[in-house]
1. Name every residue in region 132-155 that is among the charged types (D, E, K, R) and closer than 17 Å to L178 by Cβ, in order of residue number.
2. Looking at the structure I just gave you, is I436 part of a loop (DSSP other than H, G, I, E, B), modelled with pLDDT of 85 or more and touching a helix residue (DSSP H, G or I) at 6+ places or on another chain (Cβ under 8 Å)?
3. K253 versus (1) of a type in the set (K, R); (2) touching a residue at least 60 places away in the same chain (Cβ under 8 Å); (3) assigned to a helix (DSSP H, G or I): which is the lone unmet condition?
4. In region 301-319, which residue that is in contact with a helix residue (DSSP H, G or I) (Cβ under 9 Å, 6 or more places away or on another chain) and polar (S, T, N, Q) is surrounded by the most Cβ atoms within 10 Å (Cβ to Cβ)?
5. Could you check how many residues of region 332-375 are free of Cβ contacts under 8 Å to residues at least 24 places away in the same chain and polar (S, T, N, Q)?
6. Filter region 421-455 for residues that are polar (S, T, N, Q) and open to solvent by 30 Å² or more (accessible area, probe 1.4 Å); which is nearest to the chain's Cα centre (by Cα)?
7. Can you tell me how many residues within region 578-595 are closer than 14 Å to E545 by Cβ and in a strand (DSSP E or B)?
Amino acid sequence: MATLLQPGMQSLRMGANGERCPTPSPPGSPGMPHESCSIAPLTPSQSPRSEARSPPPAAFAVVVAIDFGTTSSGYAFSFATDPEAIHMMRKWEGGDPGVANQKTPTSLLLTPEGIFHSFGYTARDYYHDLDPEEARDWLYFEKFKMKIHSTSDLTMNTELEAVNGKKMQALEVFAHALRFFKQHAVQELKDQCPSLPERDAIRWVITVPAIWKQPAKQFMREAAYKAGLVSPENPEQLLIALEPEAASIYCRKLRLHQLIDLSCKPPANGLAPEHPIDSSFRQGDRYIVADCGGGTVDLTVHQIEKPQGTLKELYKASGGPYGAVGVDLAFEKLLCHIFGEDFIATFKAKRPAAWVDLTIAFEARKRAAAPSRASPLNISLPFSFIDFYRKHRGQNVETALKKSNVNFVKWSSQGMLRMSAEAMGELFQPTITQIIKHIDDLLKKPEVQGIKFLFLVGGFAESAMLQRAVQAAFGLTCRVIIPQDVGLTILKGAVLFGLDPTIVRVRRSPLTYGVGVLNKFVEGKHPREKLLVKEGKNWCTDIFEKFVSVDQSVALGEVVQRSYCPARPGQRKTIINIYCCATDDVVYITDPGVRKCGTISLELEALGDNGGGGGPARARREIRASMQFGDTEIKVTAMDTRTAKTVRATIDFLSN
């Protein structure tokens, strides 16, 4: 059936399939004769044309996954001929004590002219070694991924601020980072396999948090196009993987010896734990993956399906900005309390490299924090901090500490901030409390009952503080488990996803999506201000017609179809506005909480002479749009039903 879209936004005229319906007739209500045009059914069809489960033929010789993290990033790859072997990237130059170097800091350095200089440890160390006066002109970016999550009106022109306060287009910054990874990965692949053709042989996978909205996912894709990973003409060569989903794909393959079961720490009486973990998952098992990264915490609930062992999402992705960065911000707040907010702001602006130095010193101590630790942790303040404070304030750092009355933080004679274990614990507290609350809320949902395992993954999951808190809160409800190489879980899972993207068969829609349509006006049911009289008929405007509802299960390959008729015979382009909402009970596109979130563009070919004569045939052009909500990104394709030709269809969430 073709739908009558709201006029004004689109010049479209709808008619029902196969009927001569040159003027729009009112959408049918139940029990109306078949002749009238009716609104297409709202739910996706019950028999989706989904593929049978066999891994797709390998169209690519190699899969390269880039885990683009808030605090650290890396890549891994696997050849299609030997998919079991996942190769981690080469050891990186540089590195910090106490940090395993499989990933590199997500730090980017550009010259004062804005030209790429370096990335990772190299960028950080070079920036740190610059003369302070010179450093103020260089553009240094770190932890910039969070900006994409926190920006509510993300566009191609969104800007990021470097440490020195200078601004630059975010798309440019992300493209620089992705280009760096592309060059590194391609070089390493060429060294291993000189005959590898670079152009179409590689399938790229980029990871993003599952709680990211459509604009952020599209932004990452646009940055990859700009970086030259793939061309916009071959969009399927790039996959966007959801971080906890990738972790889940990896976790379900793990065996006993690759897991650390927090529930199985031997009890104090020395008796063996009662339940060793099964050597592998069973079909039907339900589990939660809590991806605790630098910036976000992302929760996904999966069930292993019989008989093929595919994964089914049981509840929409949830989480929030409660990553390890929260602990860093708490430390910064503590410094502001001791030394004054204005001083810290001035110090960051005037001595940006020394500020980075201080954050590195804190990072090392943050990793050493553990609930069992009683001894204090020493954080060395850079000499320039101590010197700058004396010049700026006319007193010593030690005096500031005494005056601030901050308990548990003292000044040690070796020139260090001496933090008691309690003080360190307090910095973790707000972030950990948020994570526990989120997992707890999720476990209370009716859809999330019968959970057997809770997997902790991501960089923050390495923290003993977080491990202890999660085990204490949920150890009696389910088994709390950590993969051994917890920081690389997402990276390895993203490679597996690239080798077989059909592994996650059912996802949940994060929002309700739909369009605005006209329905027959019903006195008493529809408000008068929605009345539109058109060609003698009464219509109700602004009706929200749903494509898919929030938290609705959508299978991979399942299609929502709608037909649209262009209003004018010679029309070359049609724009359809898409609306979204976080609830399911919407009636009108003007309801509170509903917003326009994107557009579908259909580019129509000019009508040829076949059937291009005058008369009704000319008006009967129908475009069938098919939307897929079961993938990691929303996709649309379209076809001209009369010529069976594909119509160029694009979906855009960034130009709003």
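1. To start, the set of residues in region 132-155 that are among the charged types (D, E, K, R) comprises 133-134, 136-137, 142-143, 145, 147, 153.
Answer for region 132-155, where residues must be among the charged types (D, E, K, R) and closer than 17 Å to L178 by Cβ: E142, K143, K145, K147.
2. Values: part of a loop (DSSP other than H, G, I, E, B): no; modelled with pLDDT of 85 or more: yes; touching a helix residue (DSSP H, G or I) at 6+ places or on another chain (Cβ under 8 Å): yes.
No; evaluated as a whole, the condition is false for this residue.
3. Here K253 meets the rest and fails (3).
4. In this case the residue turns out to be T310.
5. Qualifying residue count for the region: 0.
6. The initial filter retains those residues of region 421-455 that are polar (S, T, N, Q), namely 429, 431, 433-434, 449.
Still in the running and open to solvent by 30 Å² or more (accessible area, probe 1.4 Å): 429, 433-434, 449.
Working: Q429: 25, T433: 22, Q434: 19, Q449: 25 Å.
Step by step, filter region 421-455, then rank; the result is Q434.
7. 5
So that you can scan it fast, the table gives a plain yes or no per residue for (1) aliphatic (A, V, I, L, M); (2) open to solvent by 20 Å² or more (accessible area, probe 1.4 Å):
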residue: D125; (1), (2): no, yes
residue: A135; (1), (2): yes, no
residue: F141; (1), (2): no, no
residue: T155; (1), (2): no, yes
residue: A162; (1), (2): yes, no
residue: K166; (1), (2): no, yes
residue: A170; (1), (2): yes, no
residue: R179; (1), (2): no, yes
residue: Q187; (1), (2): no, yes
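The values are calculated or read from the model by the stated rules, or taken from the named source; none is laboratory data. Just so we're clear, the structure is a prediction, and the values are computed from it rather than from any experiment. Heads up, the Cβs are rebuilt from the backbone with ideal geometry, glycines too, and the neighbour counts pull from every protein chain shown. Keep in mind that these areas ignore ligands, DNA and RNA; they rest on the heavy atoms of the full protein, side chains included. Shrake-Rupley method; radii C 1.70, N 1.55, O 1.52, S 1.80 Å.
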